[in-house]
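Read-outs throughout are calculated quantities, based only on the coordinates presented, and are distinct from any laboratory measurement. Computed from a predicted model, the values in this text were never measured in an experiment. Here the Cβ is made from the backbone with ideal geometry for all residues, glycine too, and neighbour counts use every protein chain on show.
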Amino acid sequence: MTDKILRGRLLTFHAEPQGPEDSTAYSYIEDAGLLIERGLIRAAGTYAEIAARAPDLPVTDHRPHLMMAGFIDPHIHFPQVQVIASWGAQLLDWLNTYTFPEETRFADPAHAARMAALFLDQLTGNGTTTAAAYASVHRASAEALFAEAARRDMRIIAGKVMMDRNAPDGLRDTPQAGYDDSKALIRRWHGRGRALYAITPRFAITSTPEQLEMAGALVAEHPGCYLQTHLSETHDEIAYTARLYPDAPDYLGVYERYGLLSPRALMGHCLHLTPREIGVMQETGARPVFCPTSNLFLGSGLFDDAGLRGAGLVNAIATDVGGGTSYSMLQTLHEGYKVLQLQGQKLHPLRAFHWITRGNAVALGLEDRIGTLEAGSEADIVVLDARATPAMALRMERARTLSEELFILQIMGDDRAVAQTYVAGAPQKKPVESLP
Ligand code: GUN
Ligand code: ZN
C-alpha cells in the first residue's frame, strides 16, 4: 500500500517559464503536502490543507528538501551501462570499437535481466522516473527491460533496436525478423501497465531501405507507439548516410521517405540540420532530443537550442548514456548550460527544471500523466537536497532565492542531491522515518 502524505517544499510547473523571473509558470509551496493514493497524486496543497483532508494517513516528512516531479530522460541506451566512459573515439569508431561488441552480450536473457535491474536502479538513484530507452537488437533485451520496469510499476518507453547492416555478427536482424520481433513486443507490452513501445530503427546507417520500409509499416500500423532514432549527430555519419541513400535529399529525407516522422518521433541529436530538415521537423512535429554530455564527450557538435525553438520545434533533453557520461539529468542540465553558453544562449534554472520535468513530458505528449505534481498525475516524485555535499552547503549559505537554489542543483547536483525518488508512490531509496 503506497497511500501516504509527503511533506516538504514543493515546486511544480504549469507552463514553460518565459524568463528567469516568470513566477506565473510554476507553483511553489514552502510547507506543502502531497496526498498519494494508489500510485497517483490525489491532491497537492499546503500541508495543513492536505493533513486535514486525510488525518489518518502516514506522513513522510522531507523538509527542508524540495519535492518535484520525477525527471524524464527521453533518450538513453540500456545495453550501454558498461560502455559509458569508453575512451578516445568519435561516434562511428566508438560504435564499432566499444558499443557494438558490448551490445552482443544482451542476446543472453540472464545478462539482460541483471543489467535491466541495475540500469533502472541507476535511473531512480538519479531521480529519473521515466525513460525512453533503446534496448539491443535482441528481443530478449527489450523483454528484460519491460519486465523489470513492470516489476517496479515504473513508466518506461522502450524498443528493440532494428539494425540489419553495418554491424557485427550477432547484432543484426533482418527486415522481416525486425518487424516480427517489434510487433510481438508491441502486442505484449505497449499500453500494458505503464509501458509504452518505441519502434527503434537505430539510424539510417544500420538499416537497409527494406528495413526502414518495415519500420514505416510498424509506425503506420501502431500510431500510438513512439519512433526513436538518431539524426545528424556527426559530419562523418551524415556523409556515410548520403552514400548509402544517394537519392535522399538529406539525412532527414531518409526517415521522411519511409513515413517515420510525427510528434511521436524522438530524433536524437539533430546537431547539423539544414534549413530544409528544420522545416520538415517543424511540419511533421518530430522532436529533436538534445544530449549534451554525449555531444561533448563524442565531440559531435553543439545543439542550437534557440535556433530550433525559434523555428517552432519542441526540443527534449536527455542523457544518451553510454555516449552520454552521466545518468543524472542535473548533470545533463549542467553540460547543457555550457553548450548553450558556447553559442551565446542562456539556460536559466526555471526553464532548466521545467525542461527535465514537464518540458520533456510535453515533448512525449504525456504531460497529463507525468512531469508535474498536479492532482491526477502519476506519483513519480524526486526529493532534492541542495545541501547534499559540503561544497553545495557552503554555496547555499549565500543563496537567497528559489532560482539560486535551483541553479546550484543544476550546476553542482548529481545523485547525491537526490534524497528520495518515488515511483508510482513507492520510495526507491531507503525510506526516511515515517510518522504514524
Ligand atoms: N547513433 C547510432 N547509434 C548510436 C548510439 O548508440 N549512441 C549514439 N550517441 N549515437 C548513435
Ligand atoms: Zn543515442
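Using 0.36 nm per residue and subtracting the Cα-Cα separation, the extra length available between D61 and A117 on full extension is 17.4 nm.
Between the Cα long axis of helix 275-284 and the first principal axis of the chain there is an angle of about 60°, rounded to the nearest 10. Which of rounded, prolate, oblate describes the range 71-327, given a ≥ b ≥ c as roots of the alpha-carbon gyration tensor eigenvalues and a/c under 1.5 marking rounded, otherwise prolate only if a/b is larger than b/c? Rounded.
Relative contact order, whole percent, for the range 316-436 stands at 26, derived from Cα pairs under 8 Å and 6 or more residues apart.
Legend: calculated FRET efficiency, A375 to D180, from the Cβ-Cβ distance at R0 = 30 Å, rounded to 0.05, equals 0.10. Contact order for the range 365-436, expressed relative to its length and based on alpha carbon pairs under 8 Å spaced 6+ residues apart, stands at 34 percent.
Pairs of Cα atoms nearer than 8 Å and 6+ residues apart set the relative contact order; for the range 174-282 it is 27 percent. Remark: the chain carries a charge dipole of roughly 680 debye about the Cα centre, counting +1 on each Lys and Arg Cβ and -1 on each Asp and Glu Cβ. Note on A239 and R38: their simple-model spin labels are 5.9 nm apart, each label 7 Å out from Cα toward Cβ.
Ignoring GluC sites (Glu not before Pro) that are buried or in helix or strand per DSSP, and keeping those with at most 15 other beta carbon atoms within 10 Å, what is the longest stretch of the chain between them? With a cap of 15 other Cβ atoms within 10 Å, the longest stretch comes to 22-396. Modelled spin-label separation between R151 and D247, with each label point placed 7 Å from Cα along the Cα-to-Cβ direction: 4.7 nm.
Largest GNM mean-square fluctuation across S326, S232, S23, computed for the chain with C-alpha springs under 10 Å, falls on S23.
Between K338 and R187, the contour length at 0.36 nm per residue exceeds the alpha carbon distance by 50.2 nm. If you take the square roots of the eigenvalues of the alpha-carbon gyration tensor of the range 77-145 and sort them as a ≥ b ≥ c, do you get rounded (a/c under 1.5), prolate (a/b over b/c) or oblate? The shape class here is oblate. For R309 and T389, what is the calculated FRET efficiency with R₀ set at 41 Å and r taken between the beta-carbons, to the nearest 0.05? Working from the Cβ atoms, E equals 0.80.
Between 0 and 90 degrees, the angle of helix 235-244 with respect to the longest Cα principal axis of the chain falls at about 40 degrees. This ranking places H269, H190, H334 by how few other beta-carbon atoms lie within 10 Å of each, fewest first, which gives H190, H334, H269.
For the chain, what is the percent of antiparallel DSSP beta bridges, rounded to the nearest 5? Percentage antiparallel, nearest 5: 45.
Select from A52, S141, S86 the residue farthest towards the positive end of the dipole of the chain; place +1 on Cβ of Lys and Arg, -1 on Cβ of Asp and Glu, and compute about the Cα centre. Working it through, the farthest residue towards the positive pole turns out to be A52.
For the range 283-387, what does the alpha-carbon gyration tensor say about shape, rounded, prolate or oblate, given a ≥ b ≥ c as the root eigenvalues, a/c under 1.5 as rounded, and a/b over b/c as prolate? Since a/c reaches 1.5 but b/c is at least a/b, the shape of the range 283-387 is classed as oblate.
Were the residues from E210 through A51 laid out at 0.36 nm apart, the gain over their Cα-Cα distance would be 51.3 nm. Exposure proxy ranking for S207, S300, S27, based on other Cβ atoms within 10 angstrom of each Cβ and starting from the fewest, stands as S27, S300, S207.
Lys pairs in the chain, Cα-Cα under 26 Å, at least 8 apart or on separate chains: how many? Value for the chain: 4.
Helix 329-341 and the longest principal axis of the Cα set of the chain meet at an angle near 70°. Taking a point 7 Å from the Cα of T401 along the Cα-to-Cβ direction, the residues of the range 15-32 with backbone N closer than 17 Å to it are 17-29.
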